[in-house]
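Encoded as structure tokens, the structure appears first; notes follow it.
The values are calculated or read from the model by the stated rules, or taken from the named source; none is laboratory data. Computed from a prediction, not measured in an experiment: that's the story for all the values here. All Cβ positions, glycine included, derive from the backbone under ideal geometry; neighbour counts span all protein chains shown. Calculation scope for accessible area: heavy atoms of the full protein, side chains included, ligands and nucleic acids excluded. Shrake-Rupley method; radii C 1.70, N 1.55, O 1.52, S 1.80 Å.
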Amino acid sequence: MSWANDISPKGFILLGFSDKPWLQMPLLVVLLISYTFTIFGNVSIMIVCILDPKLHTPMYFFLINLSILDLCYTISTVPHMLANICHNKKTISYGGCVAQLIIFLALGATECLLLAVMSFDRFVAICRPLHYIVIMNRWFCLRMAAFSWLTGFSNSVLQSSLTLNMPRCGHREVGHFFCEVPALLKLSCADTKPIEAELFFFSVLILLIPVTLILISYGFIAQAVLKIKSSEGRRKAFRTCGSHMVVVSLFFGTGIYMYLQPPSSTSKDWGKMVSLFYGIITPMLNPLIYSLRNKDMKKAFKRVMSRIFLY
């Protein structure tokens, strides 16, 4: 039976893995587990960073922003995906699809820029320690965070407008779990190459430029760390920067795979798995990476928990 009878004229059908019914239950379990850990992990990081005075530094200010991003990232897609699987209903309204597309793109672009800002923070802390307080002052950090958010949402509005304005000739079946640019472009009945070229340009700005700046920053950081005479100092620097590089590799690696190649060249099922990874798994892993590999965060967590239970 076609899903077409279940939607309004302007709605979409999110097919996901509907052609593989045996995957529905494992996917449901993975989504529930990742969603629970993402909410708990990121909320915990936000609470600890806010309540512990020792973490009131630029690094943890940006980490709070990253946790907010990851929370919103997950909330914008996973609840609808869970509802679709549980009720065996694969539909989404046009307005819901537009909102999902704009929010998902905006948060993704913001995270790209925020990770670049976080690498600059580590660069200044390790390579220019005597000037750190002057350079990474409160207003500079606020401006960098605001710039990341505003640029992310501006980029999202542009890319969403280009994608949604393509003629679809009545095509409604989106071969994905949620509304994303590559999947929506495949619905178009017109030549998508001009739009793909414009979207590729924006993707280069949002993906390649930040990752290049991150790599340059960490090149200088590596040189500076190797000059540190104290082995404990080197270990602490590598621990902090190593956590950040793991997050950068996971997020940018999957994002570049999805957005810096033509949608037509992306394997349908593989593209879905990659999207699940950077949209759902990465937000779950970020709190684990930053907490388990960060002694300051673990100590702060114990201090906050002891304070809460004492009261």
In Å and whole numbers, how far do the C-alpha atoms of region 115-251 stretch along each principal axis, longest first?
-> 66, 29, 24
How large is the helix-only mean residue ellipticity at 222 nm for the chain, computed as the sum of -39500 (n - 2.57) over DSSP H runs with n ≥ 4, divided by its residue count, in deg cm²/dmol to the nearest 500?
-> -23500 deg cm²/dmol
In whole Hz, with x marking every Gly and Pro, tabulate ³J(HN,Hα) for region 286-291 from phi via Karplus 6.51 cos²θ - 1.76 cosθ + 1.60, θ = phi - 60°.
-> 3, x, 5, 5, 6, 8
Provide the packing ranking of 106-112, 80-86, 189-195, i.e. peptides ordered by the mean count of other C-beta atoms within 10 Å per residue, highest first.
-> 106-112, 80-86, 189-195
If every Lys and Arg gets +1 and every Asp and Glu gets -1 at its Cβ, then about the Cα centre the chain yields a dipole, in debye to the nearest 20, of 1300
Report, ordered by chain and residue number, the aspartates and glutamates lying within cross-link reach of Lys302, taken as a straight Cα distance under 18 Å and ignoring same-chain residues fewer than 8 apart.
-> Asp52
Relative contact order computed over region 1-160 (Cα-Cα under 8 Å; 6+ residues apart), in percent | 28
Taking a temperature of 10 °C and a viscosity of 1.306 mPa s, what whole-number D in µm²/s does Stokes-Einstein yield for the chain with Rh from Kirkwood over alpha carbon pairs?
-> 76
Rounded to a whole %, the carbon-and-sulfur portion of the accessible area of the chain at a 1.4 Å probe is 71
From the cross-link list Lys89/Lys272; Lys186/Lys272; Lys90/Lys193, which pairs have alpha carbons spaced over 25 Å apart?
-> Lys90/Lys193
Using a 1.4 Å probe, what is the accessible area per residue for the chain, in Å²?
-> 49
